[in-house]
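First the structure, in the form of structure tokens, and then the observations on it.
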């Protein structure tokens, strides 16, 4: 009897085990579709991402990418600032406008120097203009106008000069030839910008000189400028000061960015394929791809210039230069970029 009960118990346990196994299988079968759906969805997302990335690379095919030695020694990188940028998720990029009239050239003095500080976390872009006639130490060349650094050693020496004098961590640059700026603005369909009567007259004086050709601007106030007219506007320097000139250049950039944002996403590939051959940069495809979502959102733009009266800036001499307190200017720049 005992043996019989044991056999019955064993059979009963086997049944329970079998039922539990069957139940588990059913449960697994119920879970399985969800797991498969997740895997399929993840694969689709990955394929879409890869497709977007390679399509993006195809569109950027005409971009002139120039790799540079971005070591701390070569570019004069500041380690403390690099850490600050990492913690703040801010990327500093040097933007150079070269004054050569050779449409295919990317050498010469940097007529425009702007530090683009991109804060992807808060969708903020800060522009810090460094006035071209600012007097700074340039490695191997003594104290000179900062505009000469690009002419002496290209983007690498220009970046190193900025980093060493203002304690920054810039590793990448974008260079646009001013003779190409007119073409870029024309691709955008021109820009709408407010000008004074004095600026209108200066535009008409230079818009048909130095390789530019444009119809006369007949009115002041809010006007529509084509590429040559807008470039002539950005170059004005004899009616006021280098500070106001830098402000004009930033206004042109803001108007261009606003025009890009007003365009349809479907117009971007055509726009980029036209503009990018006019640009030289050290940024790779992955970095540019990472910045692209900002163009689709609302971007806040803030700006400042260095030096100014807060930096004890005094202009004069022959050649004419800005003398100022570099440390004060550097502190003010960091306050502006990082808060």
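Read the figures in this text as sums done on the coordinates, not as results from a lab. Because the structure is predicted, anything quoted here is derived from the model rather than measured. Cβ coordinates were reconstructed from backbone atoms using ideal geometry, including for glycine residues, and neighbour counts include every protein chain displayed.
Radius of gyration (Cα atoms) of region 173-213, expressed as a multiple of 2.2 N^0.38 Å: 1.32.
Maximal additional length on extending the residue 89-residue 141 stretch stands at 15.3 nm, based on 0.36 nm per residue less the C-alpha distance. On full extension, the segment bounded by residue 312 and residue 152 gains 54.8 nm, given 0.36 nm per residue less the C-alpha separation. In terms of surrounding Cβ atoms within a 10 Å radius of their Cβ, 328, 86 rank from fewest to most as 86, 328. Compared with the direct C-alpha span, the chain from residue 72 to residue 302 gains 80.0 nm at full extension, assuming 0.36 nm per residue. In this calculation the C-beta distance from residue 82 to residue 328 is compared with R0 = 22 Å, giving a FRET efficiency of 0.50.
Region 172-233 and region 248-295 have Cα centres spaced 19 Å apart. Ranked by how many other Cβ atoms sit within 10 Å of their own Cβ, fewest first, the residues 127, 222, 333 fall in the order 222, 127, 333.
Under 19 Å from a label point set 7 Å out along the Cα-to-Cβ vector of residue 266, no amide N atom of region 143-186 is found.
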